[in-house]
Structures are given as C-alpha cells and as structure tokens.
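J.: One structure coming up, written as structure tokens, with questions to follow.
The values are calculated or read from the model by the stated rules, or taken from the named source; none is laboratory data. Worth saying up front: this structure is predicted, and the values here are computed from it rather than measured. As a convention, Cβ positions derive from the backbone with ideal geometry for all residues, glycine included, and neighbour counts pool all protein chains shown. These area figures cover heavy atoms from the full protein model, side chains too; ligands, DNA and RNA do not enter into them. Shrake-Rupley method; radii C 1.70, N 1.55, O 1.52, S 1.80 Å.
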Amino acid sequence: MTAPYSIDPTRFLSEQLEQASPDLLRQMLQTFITALMGAEADAVCGAEYGQVSTERVNSRNGYRHRDFDTRAGSLDVAIPKLRQGTYFPDWLLERRRRAEAALTSVVATCYLLGVSTRRMEKLVESLGITRLSKSQVSIMARDLDEQVEAFRTRPLDAGPYTFVAADALVLKVREGGRVANVHALVATGVNVDGHREVLGIQATSSEDGAGWLGFFRDLTARGLTGVKLVTSDAHAGLVAAIGATLPGASWQRCRTHYAANLMSLTPKTSWPWVKTLLHSVYDQPDADAVHAQFDRVLRALEEKLPNVADHLETARADVLAFTP
C-alpha cells in the first residue's frame with residue numbers, strides 16, 4: 001500500500017496547474033505538510049510506512065485530524081498517530097493552538113484597531129478561513145496583551161534620560177458592554193544614544209494628581225534617572241508629581257499647550273502676528289538672545305495687546321525653563 005504522503009513532485013505540480021484550481025496554494029500547502037509529517041513519523045518509527053524492517057521501533061496507528069488556519073486558508077492537517085508514544089509536529093504547530101503566528105498577528109492588529117468580530121470574520125473568510133469564533137479572536141488578541149504588558153513593565157536601562165515629555169490622551173474603550181473615556185498617561189524621553197523612547201503608558205479613569213504621581217513613581221522604580229528637563233502642560237497635579245519624583249529636574253511648559261492658551265486671549269486677526277513673535281523667541285541661538293528677544297516681544301505687545309503681554313510675562317519662567 002502506498003503511503004498517503006508519498007508524492008511525485010513533477011506529476012503533482014502538473015496535475016494542479018492543469019486544473020487551475022483557485023485553491024491551488026491551499027491544496028499544495030496541505031499536501032506538502034502531510035508529506036513532511038509522514039517523513040518525520042517514519043524517522044521516529046525507524047522505517048518507512050508499510051515497510052518490514054528489523055530496524056523498526058514503532059509503527060503507525062492512523063491519523064488525528066486538526067484544523068489549522070493559515071494565510072492560505074483553513075487546512076485539514078492529518079497528524080500521524082503511533083502505537084507507542086505520541087508524535088506532534090512542533091516545527092509546524094504549537095500545542096492547543098490552531099493558527100499560524102502570522103495570522104495571529106493580523107487578527108490581533110485588527111483587534112487593536114477596533115475592527116469588530118463580524119467584520120473580522122468577513123476578512124478572514126476572504127482568505128478561505130472558516131469558523132473563526134469570538135473566543136479564537138480573544139485568544140489571538142491575548143498575545144498582544146502579553147506583549148504590551150512586557151513593554152510597559154520593562155526596565156528603563158538606556159539612561160540617563162536627560163529630556164522627558166509627558167502628556168495624557170483621552171481614548172474611548174469598551175468596558176462591560178459600554179463605551180467609556182479613559183486617560184492614557186504617556187511619557188517619552190531621550191535616551192543616552194540620543195533616540196526618543198516611549199518610557200511608559202498607563203491607563204487611568206481620570207487625569208489627576210494621584211494618577212500622575214503613581215505613574216512617575218513607576219517610571220523611577222523601573223530605572224528613570226538623569227532627568228534634567230521635563231516638558232508638559234500646566235496641569236497642577238502633573239507639575240506636582242514631577243517635583244515630588246524628580247526633584248533635580250526643571251519643568252518646561254509645553255510650547256504647543258501654551259500657544260493654545262495664549263491664542264484664547266488673542267483676537268483672531270492678531271494671532272498670526274503674535275504666533276510669529278512667540279516662535280521668534282524659540283529660534284534664538286543662545287540663552288542671552290532668547291531673553292533679549294522675549295523682552296522685545298513684550299514691548300511690541302504692551303501697547304496693542306496688553307492682556308496678551310501680561311499673560312506672556314506671567315508665564316516667562318515656565319516658557320523659558322529650557323534656557324540655562
């Protein structure tokens with residue numbers, strides 16, 4: 001009897017190409033996988049399928065079928081069974097999992113982007129994959145959760161982080177069947193190699209002082225050191241948390257946030273002019289030139305826009321903290 005995994009490559013390819021089946025790739029992949037598993041099972045048995053040999057140490061005992069989802073579609077993989085012991089193709093499948101790593105990555109990414117399970121089912125059906133359940137999507141997305149958790153808790157060992165920026169993002173998440181807003185606290189820093197690095201991400205129900213304090217305590221516990229300047233908005237709880245956890249660092253008011261605050265006091269027709277003046281301060285080559293230009297900007301605004309000039313003067317120390 002000829003073993004089901006024995007194939008003549010030339011004949012097999014010719015027959016498949018003549019049929020021009022739309023499932024050609026899936027059929028070829030399934031045949032090759034079966035052939036490879038059969039050859040490996042023969043090596044374990046010590047003799048080929050159906051061959052009488054004194055070197056045989058085991059024999060076949062049928063097959064167990066397993067669905068295997070791939071980018072080429074769902075495959076019915078027939079895994080050889082042995083009379084003694086077990087055989088499992090670890091090079092192809094992971095135990096208790098029925099999808100290849102690349103497909104798992106695709107599904108997890110779709111999950112991260114908020115694609116619904118129904119739309120995801122239609123997506124994978126176009127690849128020839130059937131019976132993708134909600135539980136399978138959850139299992140595939142669980143790998144992503146593990147990667148995120150490992151990233152969030154990793155040691156910060158590329159310091160010193162001289163410059164750090166902190167901000168909060170408002171995101172919509174699904175909790176208990178309803179959509180709610182959460183605040184994602186984010187910190188980025190410049191490491192010893194001069195590259196920007198995301199230092200930490202933490203979700204909290206509200207952006208308050210307690211949340212920021214816990215966030216920065218976690219960063220310092222994981223190795224955040226050598227910080228000279230922290231840039232953020234003027235949130236009181238955030239500024240206090242920076243002072244409590246990074247006592248040797250200066251605080252710089254974020255230029256973008258401050259510009260938005262200043263714009264709210266400025267007449268709409270005057271904002272392009274005021275914005276240009278403000279940017280001219282940051283464009284100076286050294287600290288002395290920065291302070292001199294800041295004084296010139298104040299004098300230019302005092303007569304026409306006194307409220308804007310007062311606001312700028314009050315924020316002077318916060319806006320120019322980057323100067324030595």
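J.: With θ set to phi - 60°, apply the Karplus curve 6.51 cos²θ - 1.76 cosθ + 1.60 along region 234-241 and write out the HN-Hα couplings as whole Hz, x wherever there is a Gly or Pro.
T.: Each residue of region 234-241 in turn: 8, 4, 4, x, 5, 4, 5, 5 Hz.
J.: Given H placed on each backbone N at 1.01 Å, which residues far from L75 in sequence or on other chains put an amide H within less than 5 Å of it?
T.: F68, D69, T70
J.: For region 222-324, state which chymotrypsin sites (Phe, Trp or Tyr not before Pro) are in a DSSP loop and have at most 11 other beta carbons lying within 10 Å of their beta carbon.
T.: Within region 222-324, no chymotrypsin sites (Phe, Trp or Tyr not before Pro) qualify (loop, at most 11 other Cβ atoms within 10 Å).
J.: A further question on this structure: What are the ³J(HN,Hα) values, in whole Hz, obtained from phi via the Karplus relation 6.51 cos²θ - 1.76 cosθ + 1.60 with θ = phi - 60°, for each residue of region 285-292 in sequence order, with x given for Gly and Pro?
T.: So the J values, rounded to whole Hz, are x, 8, 4, 4, 5, 4, 5, 5.
J.: Would you check the accessible area of H291, probe 1.4 Å, heavy atoms only, in square angstrom rounded to 10?
T.: Accessible area of H291: about 60 Å².
J.: If each residue of separation counts as 0.36 nm, what is the full-extension length gain between N181 and A158 once their alpha-carbon separation is subtracted?
T.: The span from N181 to A158 would gain 5.0 nm if fully extended.
J.: Is the shape of region 278-320 rounded, prolate or oblate, going by the alpha carbon gyration tensor and its root eigenvalues a ≥ b ≥ c, with a/c under 1.5 for rounded and a/b larger than b/c for prolate?
T.: Judged from the Cα gyration tensor, region 278-320 comes out prolate (a/c at least 1.5, a/b above b/c).
J.: Turning to a different aspect of this structure: Starting from the Cα of Q147, step 7 Å along the direction of its Cβ; do the same at V57; then give the gap between the two resulting points in nm.
T.: Calculated label separation equals 3.9 nm.
J.: Where only protein heavy atoms count, and the probe is 1.4 Å, what is the accessible area per residue for region 216-272 in Å²?
T.: Ligands and nucleic acids excluded, the figure is 49 Å² per residue.
J.: Turning to a different aspect of this structure: Which residues among region 281-307 fall inside the zone where the amide N is under 13 Å from a point 7 Å beyond the Cα of S270, along Cα→Cβ?
T.: Flagged as within label range: 298-307.
J.: Would you grab the residues whose amide H sits under 5 Å from the one on G200? Only those 5+ places off in sequence or on another chain, please, with H modelled 1.01 Å from N.
T.: A187
J.: What nm value, rounded to one decimal, do you get for the distance between A287 and A244 when each label is placed 7 Å out toward the C-beta?
T.: Spacing of the two 7 Å Cα→Cβ label points: 3.0 nm.
J.: Ok, one more. Which ³J(HN,Hα) values in Hz, rounded to whole numbers, follow from the phi angles of region 221-232 under the Karplus curve 6.51 cos²θ - 1.76 cosθ + 1.60, where θ = phi - 60° and Gly and Pro get x?
T.: 5, 8, x, 5, 9, x, 7, 9, 9, 10, 10, 6
J.: Which residues' amide hydrogens lie under 5 Å from the amide hydrogen of T231, considering only partners 5 or more residues apart or on another chain, with H built in the peptide plane?
T.: Hits under the 5 Å cutoff: V164, A165, A166, Q252.
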